[in-house]
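A.B. asks: Quick one: the structure is below, and I'll ask about it shortly.
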Amino acid sequence: MPEPTTAVAEPRGTRDAPPAGSEFAPLLRTVRGQGLLERRHTWYAFGIATNALALAGIVTGIVLTGDSWWSLLLAPLLAVFGARTAFIGHDAGHSQITADRTAARVIGLIHGNLLLGMSYAWWNDKHNRHHANPNHIDKDPDVVADVLVFTGAQAKERSGFRRLLTRNQAWLFFPLTLLEGVALKIHGFQDLRRQTPRERAVEGLLLVTHVAAYGTLLLTSLSPGKALAFAAVHQALFGLHLGLAFAPNHKGMAMPDPNGERWGHLHRQVLTSRNIRGGVLTDWFLGGLNYQIEHHLFPSMPRPHLRLAQPLVRAHCRELGIPYAETGLVDSYRQALRHLHAVGEPLRAE
């Protein structure tokens with residue numbers, strides 16, 4: 001059975017009386033004093049090397065298996081370790097791996113553009129705006145009305161086919177994530193127009209190299225039909241995996257009132273985020289994003305330190321009377337889908 005959501009305390013002064021920003025300072029001092037913001041170069045070096053070996057092994061397996069339907073058994077593995085690759089790129093973008101911005105960009109370009117065909121610059125721009133104002137309807141690109149909508153006001157403005165999508169968006173959410181892998185690649189190519197000429201040249205070259213290498217691998221190892229089937233399974237499961245990792249983090253959590261008072265950093269990040277309980281397997285499968293509250297409070301904190309910071313953050317929230325949302329994995333999806341279902345309810349009642 002899924003575990004119910006838990007909170008440290010009931011909300012206190014979250015909307016009507018936003019707290020002073022200084023409420024975050026004592027927690028920051030404690031975290032910094034325990035060395036939890038220091039980089040873990042060896043941990044990341046081992047993780048990057050292990051992931052690279054896994055990818056190399058899968059590619060070798062595709063070549064050696066040859067033109068056989070058995071090759072499709074490697075597509076889920078490539079999707080899983082592709083997600084690991086995305087998590088490394090994510091951490092590089094947050095300077096979790098290294099404080100050297102040039103080195104972090106190189107790591108991001110290799111793991112994003114070259115290995116996945118996803119633009120590192122596009123992702124960083126979008127993701128940093130999300131971190132600055134999570135769940136803010138006017139400032140967070142992740143809650144802008146697109147295929148999905150996240151508020152009743154957004155739902156009211158839907159028309160035509162998109163209105164039909166919104167009415168059923170809770171049911172369609174996970175099926176739509178099967179397209180996310182391809183969508184992320186398309187967004188990356190589209191973003192090249194925004195980038196500076198120098199950045200565009202590097203990013204574009206790596207994106208094209210990925211597409212060429214991926215196509216060459218499949219078409220020289222498999223017949224066209226099998227290659228297409230492999231790509232479809234691989235990209236669908238890759239998108240699903242990323243959807244499973246990102247869906248629980250903010251959907252159904254508090255959304256700041258654009259016309260209300262501005263929340264301080266502590267409230268803004270804690271109230272809009274949800275943690276997922278679990279152990280080592282959960283940490284691995286979700287790439288550390290199950291510690292979403294700690295990640296949002298300390299974006300540059302290395303992934304292995306997030307679980308160590310969690311008791312400190314939870315205790316600080318308890319002391320201040322700030323809700324600390326934490327639930328099981330299955331229940332997190334239930335809450336996210338329940339929110340999407342509620343947003344579309346007025347349209348279904350027509």
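A.B. asks: Given ALA342, ALA309, which one is hydrophobic (A, V, I, L, M, F, W, C), part of a helix (DSSP H, G or I) and free of Cβ contacts under 8 Å to residues at least 24 places away in the same chain?
C.D. replies: ALA342
A.B. asks: Report those helices (runs of 4 or more DSSP H) wholly inside the stretch 161-254 carrying at least 1 residues which are farther than 27 Å from PRO134 by Cα and either modelled with pLDDT of 95 or more or not hydrophobic (A, V, I, L, M, F, W, C) (or both).
C.D. replies: 197-221, 224-246
A.B. asks: Looking at (1) without any contact (Cβ under 8 Å) to a residue 40 or more places away in the chain; (2) of a type in the set (A, V, I, L, M); (3) within 18 Å of LEU74 (Cβ to Cβ), can you tell me which one LEU217 breaks?
C.D. replies: That leaves (1) as the condition not met.
A.B. asks: Within the group ARG84, ARG39, which residue is at pLDDT 95 or above, of a type in the set (D, E, K, R) and closer than 23 Å to GLU180 by Cα?
C.D. replies: Criteria check complete, one pass: ARG84.
A.B. asks: For the stretch 34-49, give me the residue count where each residue is touching a helix residue (DSSP H, G or I) at 6+ places or on another chain (Cβ under 9 Å) and surrounded by fewer than 16 Cβ atoms within 10 Å (Cβ to Cβ).
C.D. replies: Counting residues in the stretch 34-49 that are touching a helix residue (DSSP H, G or I) at 6+ places or on another chain (Cβ under 9 Å) and surrounded by fewer than 16 Cβ atoms within 10 Å (Cβ to Cβ) gives 4.
A.B. asks: Failed condition for ALA309, given (1) of a type outside the set (Ser, Thr, Tyr); (2) at pLDDT 95 or above; (3) closer than 30 Å to LEU237 by Cβ, with all others met?
C.D. replies: (3)
The values are calculated or read from the model by the stated rules, or taken from the named source; none is laboratory data. Computed from a prediction, not measured in an experiment: that's the story for all the values here. In this analysis, Cβ positions are derived from the backbone assuming ideal geometry, glycine residues included, and neighbour counts consider all displayed protein chains.
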